[in-house]
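A short write-up of the structure that comes next.
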Amino acid sequence: MNNALINRAEKLIEVEMTAYRAARREQRWDMAWTALERAHILSQPFLRKHLANHLEMLAFATAQRDAREVVGQIMRLLLAPLGALTGRNPVGNIGRATVSAFKPMPIPDDLRQAMADPDRT
């Protein structure tokens, strides 16, 4: 992966994490989860960022007292390094306990376009 693509992904991840923090402050839980999901999609190719995303999802699930999501995030924290080593991260997966950790999903059009077009970051 070239540096320009890595830089673009990092900027987009930060945009989503900023949106997550704002939504969480405003107690807009669905919006907060959506931003975390979008950051997850972008972070999957980068193990540290991918793990950081799951740690944030775990913290958020814990704060919401969502036991199912807590367990799901712990499992994903254990699986993420294996997926990175084998190259088998499911592209587009939102990273939530509400979907299979192995299911590829469509990447939202705006994220796909932003990754392809450097002027959109």
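The values are calculated or read from the model by the stated rules, or taken from the named source; none is laboratory data. These numbers come from a predicted model, not from an experiment. With ideal geometry, Cβ positions are generated from the backbone for all residues, glycine too; neighbour counts draw on all protein chains shown.
Things to note:
- Taken together, the criteria place residue 84 among residues that are surrounded by 14 or more Cβ atoms within 10 Å (Cβ to Cβ) and modelled with pLDDT under 95.
- Screening residue 71 on (1) within 14 Å of the chain's Cα centre (by Cα); (2) in a helix (DSSP H, G or I) shows it passes everything except condition (1).
- Qualifying residue in the stretch 30-42 (condition: on the phi < 0 side of the Ramachandran plot, exposed (fewer than 13 other Cβ atoms within 10 Å of the Cβ) and in contact (Cβ under 8 Å) with a residue 12 or more places away in the chain): no
- Any chance residue 23 is assigned to a helix (DSSP H, G or I), of a type in the set (A, V, I, L, M), over 12 Å from the mean Cα position of the chain (by Cα) and within 21 Å of residue 75 (Cβ to Cβ): no
- Residues of the stretch 92-121 that turn out to be among the polar types (S, T, N, Q), under 26 Å from residue 8 (Cβ atoms) and outside any helix (DSSP H, G or I), as a count: 2
- Residue 5 meets each of the listed conditions (1) within 15 Å of the chain's Cα centre (by Cα); (2) assigned to a helix (DSSP H, G or I); (3) in contact (Cβ under 8 Å) with a residue 40 or more places away in the chain apart from (1).
- You will find that of 53, 89, the residue that is part of a loop (DSSP other than H, G, I, E, B) and under 19 Å from residue 6 (Cα atoms) is 89 and no other.
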